[in-house]
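Below you'll find the structure, written out as structure tokens, and then a few comments.
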Amino acid sequence: MAEPKARVLMVSDFFFPNFGGVENHIYYLSQCLLKLGHKVVVMTHAYGNRSGVRYMTGGLKVYYVPWKPFVMQTTFPTVYGTFPIVRTILRREKITVVHGHQAFSTLCHEALMHARTMGYKVVFTDHSLYGFADVGSIHMNKVLQFSLADIDQAICVSHTSKENTVLRSGLSPAKVFMIPNAVDTAMFKPASVRPSTDVITIVVISRLVYRKGADLLVEVIPEVCRLYPNVRFVVGGDGPKHVRLEEMREKHSLQDRVEMLGAVPHSRVRSVLVTGHIFLNSSLTEAFCIAILEAASCGLLTVSTRVGGVPEVLPDDMVVLAEPDPDDMVRAIEKAISILPSIKPEEMHNRMKKLYSWQDVAKRTEIVYDRALKCSNRNLLERLSRFLSCGAWAGKLFCMVMIVDYLLWHLLQLLQPDDDIEEAPDVLIHYHGEKIN
């Protein structure tokens, strides 16, 4: 049996059966890395009754560790509580690279910390943008500075995201790679018959929360319906702002022109998108919007707010950008409606095939893993010097956390030596007649 090129542990609080950009990214990247001959294992928290070890398509092994989400699908920060199970998985699966995803994931931060204590190579992918002024952002930036002080390489999904991460964490730009998200164009393809333009359908698929601009939709939708009697909206998604949209629909008597679908499973997203002509994204902050790629791949013209990494996602003739302001968004929708006759869905789909590919993302991620594996190992004193530079008080606190983590590691080794942890056999999968671990 051929030895895998790299043995990768993907760690995040966000994974299936939950749906979102981070979840899709981890799943598709893992599948493509498996096809390239790597061993990939995913670690996440339990979802409902889904706990223990599960296998997904292509032999992707997933550890649903028995931690329940605390808030917004993230686990309660225990700092050291996850060390025993992280150590067991790392030894059992003979991992060589630990790849954490999303700055908001506590499981990711803890796993990266424990992996570095044990001497593993670690890579981090940041999927979000954060500010610098509010209390929440200041706290998250300090946590990120702690986590990234000792990593080997980092990945961001857009150039804007890279600048944001470097500024927030103090990480050297030379360590940060820009690798965009991608889209499964085989799954997201235009309808065989394009919907009639007698009635123009604008599709919104998003979590209905403040960060995704749900409050903007409340102001934009009634105005567009007033200006264009032949326009209707289809809104997919759920969240705290769902009530506001329902109130808006009743207040302006738009029940027959605004369809509320509620939460839409990822398997049904394409069937919703192909009923429309225009995709509307109203996010207030976005590092990279996969939903825009999925809509463009289905042949929809996109109207989006000009925030974060969104302007980098699509060519200018496939998207109309607007400031996150109701009046400017209405003008952008007016422009999109005027150029709608010139849009050719099949041509747009074929361009997306050339622009974005998960295979390309996986190959570029391979290069990052190779760079990480070539990084030199550092002893405890060298690592502590990095944490000490994180701030007058924070630096000393971070050093204390790492010293305790180091002592805990040696205690775990005394209680259960590495040789007592049973190694898991590699699963052999066939891809087009080829055997791959």
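Across the stretch 40-53, the number of residues qualifying as in contact with an Asp or Glu (Cβ under 9 Å, 6 or more places away or on another chain) and surrounded by fewer than 24 Cβ atoms within 10 Å (Cβ to Cβ) comes to 1. Of all residues in the stretch 314-337, those satisfying the criterion of being free of Cβ contacts under 8 Å to residues at least 40 places away in the same chain and of a type in the set (Val, Ile, Thr) are VAL319, VAL320.
Of the strands (runs of 3 or more DSSP E) lying entirely inside the stretch 36-94, the ones with 2 or more residues being closer than 14 Å to ASP13 by Cβ and not aromatic (Phe, Trp, Tyr) are found at 39-45, 60-65, 69-71. Suppose the filter is among the aromatic types (Phe, Trp, Tyr), open to solvent by less than 20 Å² (accessible area, probe 1.4 Å) and in the same structural domain as LEU284 (by the TED database); does PHE188 pass it? When the stated conditions are applied, PHE188 does not pass them. Scanning the stretch 322-334 for residues that are in contact with a Lys or Arg (Cβ under 8 Å, 6 or more places away or on another chain) and buried (at least 19 other Cβ atoms within 10 Å of the Cβ) yields one hit, ALA322. Taken over the stretch 280-295, the criterion of being in contact with a Cys (Cβ under 8 Å, 6 or more places away or on another chain) and assigned to a loop (DSSP other than H, G, I, E, B) is satisfied by SER283, ALA287.
Note on the stretch 357-390: among residues that are of a type in the set (Gly, Ala, Ser) and in contact (Cβ under 8 Å) with a residue 12 or more places away in the chain, the one that is nearest to LEU167 (Cα to Cα) is SER389.
Remark: VAL176 falls outside the filter, which requires a residue to be open to solvent by 10 Å² or more (accessible area, probe 1.4 Å), over 30 Å from LEU301 (Cα atoms) and among the aliphatic types (A, V, I, L, M). Could you grab me the full set of residues in the stretch 317-352 that are farther than 23 Å from VAL274 by Cβ, of a type outside the set (Lys, Arg) and outside any loop (DSSP other than H, G, I, E, B)? Across the stretch 317-352, the qualifying residues are LEU321, ALA322, PRO326, ASP327, ASP328, MET329, VAL330, GLU334. Total residues in the stretch 275-291 satisfying the condition of being open to solvent by less than 20 Å² (accessible area, probe 1.4 Å), in contact with a strand residue (DSSP E or B) (Cβ under 9 Å, 6 or more places away or on another chain) and over 10 Å from VAL307 (Cα atoms): the figure is 7. Filter the stretch 1-39 down to residues that are surrounded by fewer than 19 Cβ atoms within 10 Å (Cβ to Cβ) and among the aliphatic types (A, V, I, L, M) and give me whichever is modelled with the lowest pLDDT. That would be MET1. When you scan the stretch 371-381, do you find a residue that is over 25 Å from VAL8 (Cα atoms), assigned by the TED database to the domain that holds VAL97 and not acidic (Asp, Glu), even just one? The answer is yes; a qualifying residue exists.
Of all residues in the stretch 97-116, those satisfying the criterion of being open to solvent by 10 Å² or more (accessible area, probe 1.4 Å) and farther than 24 Å from PRO180 by Cβ are THR106, GLU110, MET113, ARG116.
Tell me whether the stretch 420-432 contains one or more residues that are in a helix (DSSP H, G or I) and open to solvent by 70 Å² or more (accessible area, probe 1.4 Å). Scanning the stretch 420-432, I find at least one residue that is in a helix (DSSP H, G or I) and open to solvent by 70 Å² or more (accessible area, probe 1.4 Å), so the answer is yes. Of the strands (runs of 3 or more DSSP E) lying entirely inside the stretch 138-238, none contains at least 3 residues that are touching a residue at least 24 places away in the same chain (Cβ under 8 Å), touching a helix residue (DSSP H, G or I) at 6+ places or on another chain (Cβ under 6 Å) and aromatic (Phe, Trp, Tyr). Take the conditions at pLDDT 95 or above and of a type in the set (Asp, Glu) and apply them to GLU366. Does it pass? Judged against the criteria, GLU366 is a match. Picking from residues in the stretch 214-235 that are open to solvent by less than 10 Å² (accessible area, probe 1.4 Å) and closer than 13 Å to THR201 by Cα, the one that is nearest to the chain's Cα centre (by Cα) is VAL235. On the basis of being open to solvent by 40 Å² or more (accessible area, probe 1.4 Å) and among the small types (Gly, Ala, Ser), does ALA133 make the cut? In short, yes.
The values are calculated or read from the model by the stated rules, or taken from the named source; none is laboratory data. Predicted model only: the values in this text are computed from it and were never measured. All Cβ positions, even for glycine, are placed from backbone atoms using ideal geometry, and neighbour counts span all protein chains on display. Accessible surface areas use protein heavy atoms only, side chains included; no ligands, DNA or RNA. Shrake-Rupley method; radii C 1.70, N 1.55, O 1.52, S 1.80 Å.
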